[in-house]
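Peer 1: Would you mind keeping the following structure in view while I ask a few things?
The values are calculated or read from the model by the stated rules, or taken from the named source; none is laboratory data. Keep in mind the model is a prediction, meaning the values are calculated, not measured. With ideal geometry, Cβ positions are generated from the backbone for all residues, glycine too; neighbour counts draw on all protein chains shown. SASA here: full protein model, heavy atoms, side chains in, ligands and nucleic acids out. Shrake-Rupley method; radii C 1.70, N 1.55, O 1.52, S 1.80 Å.
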Amino acid sequence: VIALLMILSNLGINITSLVVSLGIGGIAVALALQNVLSDLFSSFSIFIDKPFEAGDYIQVGTDSGTVERIGMKTTRIKTLQGEELIISNKELTTARVQNFKRMEKRREAVTLGVTYETKKEKLEKIPELIKKVVDDVELATFDRCHFSAYGDSSLNFDVVYFIDEPDYRLYMDVKQRVNLGIFETFTKEGIEFAY
């Protein structure tokens with residue numbers, strides 16, 4: 001293009017308006033491609049850094065789902081409701097992304113309230129009972145249980161345990177087994193949950 005412009009100039013043709021038109025056209029094209037190029041560079045960043053891959057379950061802001069495909073401009077995510085969510089790669093590289101696939105275990109913290117009528121001996125026994133329940137459930141690891149607070153209508157115990165499984169469905173299965181185990185144990189021991 002420069003050689004053609006120099007030839008035209010040497011032939012005596014006024015190329016000033018042509019150069020100005022090309023400059024304005026170049027600026028217009030650059031502004032039009034700004035978002036596309038930004039998404040393109042962001043996709044390269046995702047491919048190089050690999051914060052997530054197809055098949056990973058991620059959360060971006062309030063949206064979450066399984067990554068279906070990472071494209072040059074957008075990434076497609078299948079939400080739990082079955083919808084396809086399309087997010088620009090630029091947004092993914094500037095937002096906080098949580099990748100649940102790389103999680104090794106999940107921490108579960110529960111507050112249990114028992115009635116004020118519960119005898120001291122039973123209160124002292126509750127941490128041992130809960131430890132036994134958690135230890136008896138496969139994939140659950142007991143961390144702690146303490147009588148933590150006097151609530152408005154309950155004596156509160158803080159229970160913390162870990163579930164050695166990142167898969168959400170299995171995590172919920174283990175959590176359910178622990179909850180049912182605690183309920184069954186409290187029923188046998190005559191310990192009442194507070195309303």
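Peer 1: Looking at Val110, Val97 in this structure, which one is within 22 Å of Gln176 (Cα to Cα) and surrounded by 15 or more Cβ atoms within 10 Å (Cβ to Cβ)?
Peer 2: Val110
Peer 1: If you don't mind, there's one more thing I want to ask. Of the conditions (1) under 35 Å from the mean Cα position of the chain (by Cα); (2) open to solvent by 90 Å² or more (accessible area, probe 1.4 Å); (3) more than 19 Å from Arg102 (Cα to Cα), Ile27 fails just one. Which one is it?
Peer 2: Going through the list (1) under 35 Å from the mean Cα position of the chain (by Cα); (2) open to solvent by 90 Å² or more (accessible area, probe 1.4 Å); (3) more than 19 Å from Arg102 (Cα to Cα), Ile27 breaks only (1).
Peer 1: Quick one: Glu165 ticks every box in (1) open to solvent by less than 70 Å² (accessible area, probe 1.4 Å); (2) under 28 Å from Val67 (Cβ atoms); (3) in contact with a strand residue (DSSP E or B) (Cβ under 7 Å, 6 or more places away or on another chain) bar one, so which box is it?
Peer 2: All conditions are met except number (3).
Peer 1: What is the one condition in (1) open to solvent by less than 90 Å² (accessible area, probe 1.4 Å); (2) aromatic (Phe, Trp, Tyr); (3) out of contact with any strand residue (DSSP E or B) (no Cβ under 7 Å at 6 or more places or on another chain) that Tyr57 does not satisfy?
Peer 2: The single condition Tyr57 does not satisfy is (3).
Peer 1: Also: If I ask for residues that are of a type in the set (S, T, N, Q) and at pLDDT 90 or above, which ones from region 89-112 would you list?
Peer 2: Residue satisfying the conditions is Thr111 alone.
Peer 1: Only one of Met103, Met72 is aliphatic (A, V, I, L, M), assigned to a loop (DSSP other than H, G, I, E, B) and either free of Cβ contacts under 8 Å to residues at least 60 places away in the same chain or under 23 Å from Tyr195 (Cα atoms) (or both); which?
Peer 2: Met72
Peer 1: Pairs please, first residue from region 173-195 and under 21 Å from Glu138 (Cβ atoms), second anywhere and of a type in the set (A, V, I, L, M, F, W, C) and assigned to a strand (DSSP E or B), Cβ atoms under 6 Å, 6+ apart in sequence or on different chains.
Peer 2: As it stands, the answer is Val174/Ala140; Val174/Ile163; Val178/Ala140, since those pairs meet every condition given.
Peer 1: Among the residues of region 125-145, which ones are part of a helix (DSSP H, G or I) and free of Cβ contacts under 8 Å to residues at least 24 places away in the same chain?
Peer 2: Those that are part of a helix (DSSP H, G or I) and free of Cβ contacts under 8 Å to residues at least 24 places away in the same chain: Glu128, Lys131, Asp135.
Peer 1: Against the condition at pLDDT below 95 and not in a helix (DSSP H, G or I), how does Ser148 come out, does it pass?
Peer 2: no
Peer 1: Here is a further query. State whether the residues of region 114-124 include one that is assigned to a helix (DSSP H, G or I), without any contact (Cβ under 8 Å) to a residue 40 or more places away in the chain and open to solvent by less than 90 Å² (accessible area, probe 1.4 Å).
Peer 2: There is at least one residue in region 114-124 that is assigned to a helix (DSSP H, G or I), without any contact (Cβ under 8 Å) to a residue 40 or more places away in the chain and open to solvent by less than 90 Å² (accessible area, probe 1.4 Å).
Peer 1: Still on this structure, please answer the following. Looking only at region 67-78, which residues are open to solvent by 50 Å² or more (accessible area, probe 1.4 Å) and either at pLDDT 90 or above or of a type in the set (Lys, Arg) (or both)?
Peer 2: Across region 67-78, the qualifying residues are Glu68, Arg69, Lys73, Arg76, Lys78.
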